[in-house]
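Trainee: Here you go, one structure.
Every number here is computed from the coordinates shown, using simple stated rules; none is lab data. Computed from a predicted model, the values in this text were never measured in an experiment.
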Amino acid sequence: MDFNVLMLSFVFGMIGLGMFQYGRKAGRMAPLVAGIGLMVLPYFIPNLIAMVIVCMIMMASPLVVRQ
């Protein structure tokens, strides 16, 4: 693994952890699912550009899908 990919995976994982905790405490499903996806998904995408695009979409998804 490249150092940049590893560090971005860590950063997106931390953002996902925050979204997961917010979704759990607020009882909202969209941030909860997006947080789980952000914690798991970056470690399966080896391409840096693809990972950034997918994670940005996952970060914006709770704003688009409001309950």
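Trainee: Pop out the Kirkwood hydrodynamic radius of the chain from its pairwise C-alpha distances, inverse of mean 1/r, in Å to one decimal. Present the calculation step by step, with values, prior to reporting the outcome.
Mentor: Values: mean 1/r = 0.0850 Å⁻¹.
By the Kirkwood definition, the hydrodynamic radius is 11.8 Å.
Trainee: Okay, next question. Quote the relative contact order of the chain in percent (integer), defining contacts as alpha-carbon pairs under 8 Å separated by 6+ residues.
Mentor: Numbers: 67 pairs, mean separation 22.3, N = 67.
33 percent.
Trainee: How much length would be gained if the chain were fully extended between M14 and V64, taking 0.36 nm per residue of separation minus their Cα-Cα distance, in nm to one decimal? It would help to have the intermediate numbers written out before the result.
Mentor: Values: separation 50, 0.36 × 50 = 18.00 nm, distance 2.10 nm.
Once the chain is fully extended between M14 and V64, it gains 15.9 nm.
Trainee: By Kyte-Doolittle mean hydropathy of at least 0.5 and Cα axial length of at least 18 Å, which whole DSSP H helices of the chain are selected? Provide the component values of the computation, followed by the final result.
Mentor: Details: long enough: 3-26 (34 Å, 1.00); 48-64 (24 Å, 2.65).
Long hydrophobic helices here: 3-26, 48-64.
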